[in-house]
Each structure stands twice: as structure tokens, then as C-alpha cells.
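Worksheet: one structure, shown below.
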Amino acid sequence: MCRIGQGLPESTLGERVGCNPRRTKKPRPLGRGSSLINAGQAISEAGVITVGTYNRSEGDKKFVVISVTDTGTGISPNIQGEIYKPFVTTKNGNGTGFGLYIVSLVMKNHNGCINMHSQIGEGTRFEMIFPAF
């Protein structure tokens with residue numbers, strides 16, 4: 001369970017994974033843009049993808065947040081707890097199932113975490129939360 005983000009407004013709460021503040025690794029580039037690719041695949045031609053960045057403070061701790069929101073189909077509650085595992089895909093055989101798994105590993109390597117909120121028929125939002133130095 002990711003502790004970063006507790007006390008946020010209800011609309012930003014969702015599945016939380018991958019926060020380990022004791023782990024330190026050499027920073028690595030974010031790479032392939034899996035969150036944007038997934039968002040693009042989830043929307044119809046009239047859909048919208050919104051990318052945002054902002055700072056967040058909680059007590060004396062400061063964070064940088066990258067938010068990716070789409071107006072796509074949403075992620076089924078049946079699979080939401082599994083999406084960060086390898087080989088899990090919602091793309092009916094057209095995906096490798098490594099995108100969000102790799103994103104979650106990158107977040108752990110940066111001492112960050114991911115918050116996900118999704119509603120069927122409304123879309124999905126991922127917040128990638130990094131500690132600010």
C-alpha cells in the first residue's frame with residue numbers, strides 16, 4: 001500500500017502500489033511512455049487524454065506528481081488489483097502485459113508510487129508520485 005496521498009479528496013483515491021521509501025536505486029529514465037500509450041489505446045476517436053504535473057506537500061514531505069487521465073472505457077474492477085503484474089493485459093491478446101508492470105518498477109526505483117482511479121465508461125487516471133529532493 002502506498003502511503004503517499006493519504007488524505008486526498010475522494011476522487012483521487014484508487015488502487016495504490018509500489019511505495020518503498022527505504023529503497024534507493026540509481027535513477028533511470030521513465031522510458032517508453034506506457035501510461036500515455038495505454039491512455040491512447042483506451043479512448044475512442046473523440047476521447048481526451050490530459051497530462052498534468054503539479055507539486056504536492058504533505059506535512060514536511062514534498063512530492064512531484066505526473067497525472068495521466070483519459071476518457072476511455074475504464075478498467076474493470078475485476079482486474080484493477082492485477083494490472084501491475086507481468087503478463088496482465090486488457091487488450092485481448094494485443095498487448096504484452098508489461099507496460100504497467102515496468103512503470104511500477106520504475107516508480108519503485110525512484111522511491112515513488114502510482115495511484116490509479118478508474119470508472120467503467122468514464123475513464124482512468126494514473127498519478128505517478130515522486131519524492132521531491
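The values are calculated or read from the model by the stated rules, or taken from the named source; none is laboratory data. Note that the coordinates shown come from a computational prediction; the quantities given were computed from them, not determined experimentally. Quick reminder, even Gly has a Cβ in these numbers, built from the backbone with ideal geometry, and neighbours come from all protein chains shown.
Here are some conditions: (1) at negative phi; (2) at pLDDT 90 or above; (3) touching a helix residue (DSSP H, G or I) at 6+ places or on another chain (Cβ under 9 Å). Residue 122 meets all but one. Which one does it not meet?
(3)
Of all residues in the stretch 81-91, which are in contact (Cβ under 8 Å) with a residue 24 or more places away in the chain and either in contact with a Lys or Arg (Cβ under 8 Å, 6 or more places away or on another chain) or over 15 Å from residue 127 (Cα atoms) (or both)?
Within the stretch 81-91, 81, 91 meet the criteria.
What number of residues within the stretch 109-133 satisfy the criterion of being in a strand (DSSP E or B) and not hydrophobic (A, V, I, L, M, F, W, C)?
Number satisfying all stated conditions: 9.
For the stretch 68-96, which positions are surrounded by 12 or more Cβ atoms within 10 Å (Cβ to Cβ), outside any loop (DSSP other than H, G, I, E, B) and out of contact with any helix residue (DSSP H, G or I) (no Cβ under 8 Å at 6 or more places or on another chain)?
Selection gives 79, 80.
Looking at the structure I just gave you, is residue 52 assigned to a strand (DSSP E or B) and either farther than 16 Å from residue 37 by Cα or at pLDDT 90 or above (or both)?
Against the criterion (assigned to a strand (DSSP E or B) and either farther than 16 Å from residue 37 by Cα or at pLDDT 90 or above (or both)), residue 52 qualifies.
Residue pairs, Cβ under 6 Å, 6 or more apart or interchain, first in the stretch 34-51 and within 11 Å of residue 124 (Cβ to Cβ), second of a type in the set (Phe, Trp, Tyr). List them.
Close Cβ pairs satisfying both conditions: 35/126.
Among the residues that make up the stretch 16-24, is at least one of them crowded, with 16+ Cβ neighbours inside 10 Å, modelled with pLDDT under 90, on the phi > 0 side of the Ramachandran plot and in a loop (DSSP other than H, G, I, E, B)? Please lay out each step first, then the result.
Taking the stretch 16-24 first, the residues crowded, with 16+ Cβ neighbours inside 10 Å are 16-19.
Still in the running and modelled with pLDDT under 90: 16-19.
From what's left, on the phi > 0 side of the Ramachandran plot: 18.
From what's left, in a loop (DSSP other than H, G, I, E, B): 18.
The answer is yes; a qualifying residue exists.
Hey, among 63, 126, which residue is buried (at least 16 other Cβ atoms within 10 Å of the Cβ), touching a strand residue (DSSP E or B) at 6+ places or on another chain (Cβ under 6 Å) and over 21 Å from residue 40 (Cβ atoms)?
Numbers: 126 fails: over 21 Å from residue 40 (Cβ atoms).
Being buried (at least 16 other Cβ atoms within 10 Å of the Cβ), touching a strand residue (DSSP E or B) at 6+ places or on another chain (Cβ under 6 Å) and over 21 Å from residue 40 (Cβ atoms) holds for just one of 63, 126, which is 63.
How about the stretch 77-100: which of its residues are within 16 Å of residue 115 (Cα to Cα) and not acidic (Asp, Glu)? Walk me through it before giving the result.
First, pick out the residues of the stretch 77-100 that are within 16 Å of residue 115 (Cα to Cα): 77, 79-85, 99-100.
Matches in the stretch 77-100: 77, 79, 80, 81, 83, 84, 85, 99, 100.
Any idea how many residues of the stretch 52-67 are touching a residue at least 12 places away in the same chain (Cβ under 8 Å) and out of contact with any Asp or Glu (no Cβ under 7 Å at 6 or more places or on another chain)?
Residues that pass the stated criteria total 11.
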